[in-house]
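The values are calculated or read from the model by the stated rules, or taken from the named source; none is laboratory data. Predicted model only: the values in this text are computed from it and were never measured. Please note: Cβ atoms are built from the backbone with ideal geometry, for glycine as well, and neighbour counts cover all protein chains shown. Ligands, DNA and RNA are stripped out before the accessible areas are found, and what is left, the full protein with its side chains, is counted by its heavy atoms. Shrake-Rupley method; radii C 1.70, N 1.55, O 1.52, S 1.80 Å.
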Amino acid sequence: MSVTKPLPHDSAKLHVTGTARYVDDIPVPADCLHLAFGLSDIACGSIQSINLDAVRAAPGVTSVWLAGDLPTDCDCSPSVHDEPLLSDGQIHYLGQPVFLVAATSHTAARHAARLGQIEYSPEPALLTIEDAYLAGSQFGDAPRIWERGTAAPAIYAAAHVIEGVLDMGGQEHFYLESQAAMVMPQDGGDMLVHSSTQHPSEIQHKVAHALDIPMHAVQVETRRMGGGFGGKESQGNALAISCAVVAAATGRPAKMRYDRDDDFTITGKRHDFQIRYRVGTDESGRIEGAEFLQLARCGWAQDLSFPVADRAMLHTDNAYFLPNVRIESHRLKTNTQSATAFRGFGGPQGMLGIERVMDHIAHTLGQDPLAVRRVNFYDTPETQSGRTSTPYGQEVDDFVLDELVTKLADQCDYSIRREAAAQWNETNPVLKRGIALTPVKFGISFTLTHLNQAGALVHVYQDGSIQLNHGGTEMGQGLFQKVAQVAASRFGVPIETIKITATDTGKVPNTSATAASSGSDLNGMAVKAACDTIRDRMATHLGKNVQFEGGSVVVDGSAIPFAEAAKRCYESRISLSATGFYKTPKLEWNPETGQGRPFFYFAYGAACSEVVIDTLTGENRILRTDIIHDAGASLNPVLDIGQVEGGFVQGAGWLTTEELIWDDKGRLRTHAPSTYKIPACSDRPDIFNVSLWDGQNTEDTIYRSKAVGEPPFMLGIAVLMALSDAVGACGDIYADLNAPATPERILKAVQKVRDGI
Amino acid sequence: MSDKMHIKLTVNGEDKEFLAEPRDLLIYALREKLNITGPHVGCDTSHCGACTVTLNGKSVKSCTMFVAQANGAEITTIEGIGSPDALHVLQESFKEHHGLQCGFCTPGMITRATKLLEENPTPTEEEVRFGMAGNICRCTGYQNIVKSILAAASEINSAKEAAE
Ligand code: FES
Ligand code: FES
């Protein structure tokens with residue numbers, strides 16, 4: 001069977017030879033126009049006057065658009081229609097597109113876009129979480145509040161009360177391929193869109209809306225992305241819409257690719273959060289009551305901020321039972337880029353809050369942080385002590401973390417190394433070590449329940465080759481290969497028999513974004529359904545006792561090659577094409593009340609990281625990381641381990657080196673890799689052991705596998721906790737290290753802990 | 001706009017001649033004039049390595065150089081290292097050891113790695129990490145990239161020993 005095999009990425013051969021095509025590699029017709037945006041220079045205010053003479057006169061420029069020249073408002077929002085493509089006269093953030101230039105080359109368009117002369121009347125901008133919170137600037141009428149039990153009295157009655165504030169920064173996706181789209185006008189005003197997007201149906205919908213044409217007139221094709229990470233869920237809309245507008249107006253193909261600085265300056269990033277917490281515990285550190293205030297900086301438009309902030313609330317508990325809990329979430333509106341989806345989708349921020357709380361409790365009570373974590377764990381299926389219900393009422397009935405954490409702690413000698421680190425710290429005044437082991441429990445499913453559906457289209461040709469299409473998009477995660485493995489297994493044929501074609505809204509309609517880690521869960525099941533329909537038709541035609549295995553169809557004990565079987569079916573007029581559909585069962589969720597079952601199941605994992613810091617400079621290194629991650633019965637262990645390694649490193653990057661800095665004018669100062677540091681090859685832990693948990697999904701997912709895209713990202717939390725452990729070795733005060741823990745922040749935290757300043 | 005220049009390059013063993021503005025970057029000349037799209041544009045500012053080529057025997061980020069500066073040079077891009085039907089050892093190794101996910105960094109990684117192994121045929125893990133530090137990958141966390149390069153190095157070396 002193909003499933004569970006460690007097969008390479010489906011495009012590996014093309015990738016290693018540079019022949020895999022991304023949007024920017026598609027040969028462009030000679031008359032193609034290239035587009036660029038002219039951006040605002042202020043963060044808040046209105047436009048007084050615009051002079052674009054120099055732009056129009058620049059070499060290669062063919063035309064320029066302002067908001068008033070567009071066919072409609074060309075809204076780019078994935079949610080509440082609050083993002084006009086070009087400024088309507090109001091400026092909401094520095095970097096907002098004001099005009100659109102079409103020119104004969106990419107460089108000419110970019111060059112011209114810098115020549116606009118815009119006069120503004122500026123207004124005071126709200127840039128930070130504090131600014132917006134104090135000003136009461138938020139989306140929604142009121143903060144969202146979910147409660148279970150009575151948190152305040154429980155905290156009041158508790159033996160220990162611990163409170164604090166945690167700040168965490170945002171994160172730039174830095175998909176290596178920046179946003180890109182190309183549109184080719186077709187017969188009768190139809191549009192063919194190539195887009196580097198996680199959500200072709202959304203692109204189709206937004207382009208149709210912009211041109212005021214039906215969705216059937218827009219076809220969107222996405223073969224692959226050079227990375228997505230959530231950043232291509234809604235942020236590609238502006239480019240595809242722009243290209244479509246220009247293509248419709250000029251009849252010429254149009255292409256747009258952000259250069260890296262524009263990508264940083266224009267597009268949304270991970271939400272930065274401030275979390276204020278107050279918890280009451282018993283003598284063992286077990287939480288009796290907890291209150292969290294989550295402040296999310298959403299930027300100027302709503303985008304996906306509501307479901308992101310909801311997911312942060314849904315991961316406030318992480319792996320821990322909270323008998324009495326109150327979570328209050330504010331979605332703050334600021335004059336910055338509109339924050340958007342990013343791997344984990346708010347989950348990492350919510351989870352980081354409680355992981356900080358665990359360390360803070362341990363410090364206050366003088367206990368081992370892992371012991372405090374364990375005493376707060378949910379019940380395992382064996383220990384039924386009434387600690388299984390999440391704050392939102394979903395039962396945790398397969399809690400493997402107790403066992404998984406025990407195994408990891410044993411395997412990596414957690415206790416021995418913790419002891420060794422303590423001894424080291426006794427004798428070394430300058431270099432301090434820290435170690436932390438943190439768990440992850442991540443809910444799988446879109447919290448907007450209707451998105452949990454997928455479609456597939458499968459054709460068997462008369463030569464026995466199989467073509468497969470589904471609604472998911474490939475951004476490197478290996479989805480196409482996993483889904484092909486499912487199809488190969490259903491038909492019992494070698495993987496080479498299967499060809500997966502580009503995601504195409506003309507083949508599978510009304511798809512959801514490839515997001516929420518749901519790609520293989522949803523599309524794998526839809527493909528299985530389509531394959532089984534064809535298989536059943538073939539079987540019914542071929543005989544009574546039919547099996548598909550080893551590249552053959554075995555009918556009553558005698559094998560005929562699959563190709564021969566396909567041909568026979570074709571000649572007998574059996575349809576060899578089918579669609580498949582899947583919707584995730586058991587979901588029921590009300591985000592207003594915060595009650596129900598938002599998730600089909602949970603994915604688990606744990607990481608142990610050891611770090612060393614230099615207390616004179618704040619410099620630091622990850623010495624070792626050990627991970628066990630639960631991917632259920634893995635569809636492809638090599639691809640899954642790749643996701644775990646990449647996710648961990650990206651998570652560690654978020655919490656350590658990746659720092660976004662806006663100046664007091666609202667200009668993003670870290671807008672290129674020269675100033676925004678993502679992990680490099682030399683930053684990887686010296687020792688890095690990753691393995692998969694040997695288990696199965698208890699829910700009926702595709703071959704009992706589990707989603708693996710997002711959950712490992714949060715394994716990176718272990719690094720921040722290890723760094724604060726190392727800082728803590730410098731004195732007696734709790735090291736409330738904020739993220740990202742850059743050398744500057746570490747140095748400041750060391751000074752605070754050591755000298756009380 | 002400035003006058004166009006006559007540029008001559010040898011790319012992957014083939015002589016190429018074309019007109020370009022002196023200020024055009026080498027990466028754009030390769031991608032747009034010669035339709036060699038293996039080297040990618042990741043950052044435009046010489047930080048990511050996606051555009052790495054070998055120029056007169058050295059690893060060069062082709063977004064860092066004007067095409068005019070490259071005039072007369074001998075250039076190897078990923079397309080010159082191997083093809084889907086005849087993979088170079090490093091290409092085979094990246095494929096087998098899953099040294100890629102989205103693949104966008106891969107051409108630059110492999111192009112750099114071929115040079116690295118020429119410079120140092122028996123690198124330690126540490127040396128690989130240092131030697132590849134100019135190439136960014138956002139997907140893999142580098143673990144399998146390093147593994148792929150080390151595996152290719154030992155394969156090349158054992159093939160050499162066998163030949164001797
Ligand atoms: S594009 Fe040349 S180094 Fe990034
Ligand atoms: S594989 Fe995506 S950037 Fe390296």
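Find the accessible area per residue for the stretch A:396-493; the probe is 1.4 Å, ligands and nucleic acids are left out, and the unit is Å².
Working: 3250 Å² over 98 residues.
Heavy-atom SASA per residue in the stretch A:396-493 reads 33 Å².
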With all protein chains in place and a 1.4 Å probe, A:THR540 shows an accessible area in Å² (nearest 10) of 110 Å²
Mean separation of Cα contacts under 8 Å (at least 6 apart) over the residue count of chain A, i.e. the relative contact order in percent, is 15 percent
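For the stretch B:89-163, what relative contact order do you get, as a whole percent, if you take Cα pairs closer than 8 Å and at least 6 residues apart?
Values: 72 pairs, mean separation 36.9, N = 75.
In percent, rounded to a whole number, it is 49.
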Each label sits 7 Å from Cα toward the beta-carbon; between A:ASP368 and A:LYS544 the label points are separated, in nm, by 6.4 nm
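So, by mean Cβ neighbours within 10 angstrom, what's the order for B:47-55, A:548-556 with the highest one leading?
Values: B:47-55: 26.8, A:548-556: 17.1.
By packing density, highest mean first, the sequence is B:47-55, A:548-556.
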Summing -39500 (n - 2.57) over every DSSP H run of at least 4 in chain A, dividing by its residue total and rounding to the nearest 500, the 222 nm mean residue ellipticity is -9000 deg cm²/dmol
Ranking A:LYS333, A:LYS269 from most to least accessible area with a 1.4 Å probe gives A:LYS333, A:LYS269
Within the stretch A:408-439, the residues whose backbone N lies under 19 Å from a label point placed 7 Å from the Cα of A:ASP755 along the Cα-to-Cβ direction are A:429-432
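Quantify how strongly other chains surround peptide B:39-51 by giving the mean number of their Cβ atoms within 10 Å of each of its Cβ atoms. Before the final figure, lay out each step's value.
On the way: counts 1, 7, 10, 9, 10, 8, 6, 2, 9, 6, 4, 3, 0.
Taking all residues of B:39-51 together, the mean is 6.
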Which of A:LYS5/A:LYS206; A:LYS665/B:LYS33; A:LYS255/B:LYS58; A:LYS269/A:LYS706; A:LYS507/A:LYS706 exceed 30 Å between C-alpha atoms? The answer is A:LYS5/A:LYS206; A:LYS665/B:LYS33; A:LYS255/B:LYS58
Of A:LYS544, A:LYS583, ordered by accessible area with the largest first and a 1.4 Å probe, the sequence is A:LYS544, A:LYS583
Here the FRET efficiency for B:THR45 versus A:GLU123, based on Cβ atoms and R0 = 51 Å and rounded to 0.05, is 0.95
Taking the alpha-carbon centre of each part, the distance from the stretch B:12-54 to the stretch A:579-632 in Å is 40 Å
Residues from the stretch A:10-47 losing no less than 50 square angstrom of accessible surface in the full protein assembly compared with the chain alone, 1.4 angstrom probe, ligands and nucleic acids excluded, are A:LYS13, A:HIS15, A:VAL16, A:THR17, A:GLY18, A:TYR22, A:ASP25
Highest mean packing first, using Cβ neighbours within 10 angstrom, the peptides B:135-143, A:161-169 sort as B:135-143, A:161-169
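With +1 assigned to the C-beta of every Lys and Arg and -1 to the C-beta of every Asp and Glu, and no other charges, what is the dipole magnitude of the protein assembly as shown about the Cα centre in debye, to the nearest 20? If you can, show how the numbers build up before the last one.
Values: 79 positive and 111 negative charges, 189 e Å.
Its charge dipole is roughly 900 debye.
What FRET efficiency would be calculated for the residue pair A:ILE145, A:VAL165, taking the C-beta separation as r and a Förster radius of 22 Å, to the nearest 0.05?
According to the calculation, E is roughly 0.70.
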Expressed in square angstrom to the nearest 10, the accessible area of A:GLU283 with a 1.4 Å probe stands at 120 Å²
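What is the magnitude of the charge dipole of the stretch A:24-155 about its Cα centre, with +1 placed on the Cβ of each Lys and Arg, -1 on the Cβ of each Asp and Glu, and no other charges, expressed in debye to the nearest 20?
Details: 5 positive and 17 negative charges, 44 e Å.
Charge dipole of the stretch A:24-155: 200 debye, to the nearest 20.
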Once accessible area is computed for B alone, A alone and the pair with a 1.4 Å probe, the total buried surface, to the nearest 100 Å², works out to 4300 Å²
At the level of C-alpha centres, the distance separating the stretch A:327-373 and the stretch A:31-66, in angstrom, is 41 Å
SASA check, A:VAL245, accessible area w/ 1.4 Å probe, all protein chains in place, rounded to nearest 10 Å², comes out at 0 Å²
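On a full-extension model of 0.36 nm per residue, what is the gain between A:LYS586 and A:VAL430, subtracting their alpha-carbon distance, rounded to one decimal in nm? Could you put the intermediate results ahead of the total?
On the way: separation 156, 0.36 × 156 = 56.16 nm, distance 5.47 nm.
Full extension of this stretch gives 50.7 nm more.
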Between A:ASP282 and B:GLN69, Cβ-based FRET efficiency (R0 45 Å, step 0.05) works out to 0.05
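Using the Cα centre of the stretch B:5-80 as the reference point, and only Cβ charges (+1 on K/R, -1 on D/E), how large is the resulting charge dipole? Debye, rounded to the nearest 20.
Details: 7 positive and 9 negative charges, 36 e Å.
Charge dipole of the stretch B:5-80: 180 debye, to the nearest 20.
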Whole-Å distance linking the alpha carbon centroid of the stretch A:520-554 with that of the stretch A:641-694 is 43 Å
Karplus ³J(HN,Hα) for the stretch A:441-454 (6.51 cos²θ - 1.76 cosθ + 1.60, θ = phi - 60°; Hz, whole; x = Gly/Pro) runs 10, 10, x, 10, 2, 5, 7, 8, 3, 5, 6, 7, 8, 8
Descending accessible area (1.4 Å probe), largest on the left, turns A:GLU288, A:GLU496 into A:GLU496, A:GLU288
Interface residues of the stretch A:637-659, defined as losing at least 30 Å² of accessible area versus the chain alone with a 1.4 Å probe, are A:VAL638, A:GLY642, A:GLU645, A:GLY646
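Take every residue in peptide A:171-180, count the Cβ atoms of other chains within 10 Å of its Cβ, and give the average of those counts. Spell out each step's value before the answer.
Working: counts 0, 0, 1, 5, 5, 17, 9, 5, 0, 1.
What the average comes to for A:171-180 is 4.
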Expressed as a percent, the accessible surface of the protein assembly as shown that is carbon or sulfur, using a 1.4 Å probe and the full set of protein chains, is 50 percent
Placing each pseudo-label 7 Å from Cα in the direction of the beta carbon, A:THR501 and A:ALA157 end up separated by a distance in nanometres of 6.5 nm
Descending packing, highest mean Cβ count within 10 Å first, for A:739-752, A:345-358, B:10-23 is A:345-358, A:739-752, B:10-23
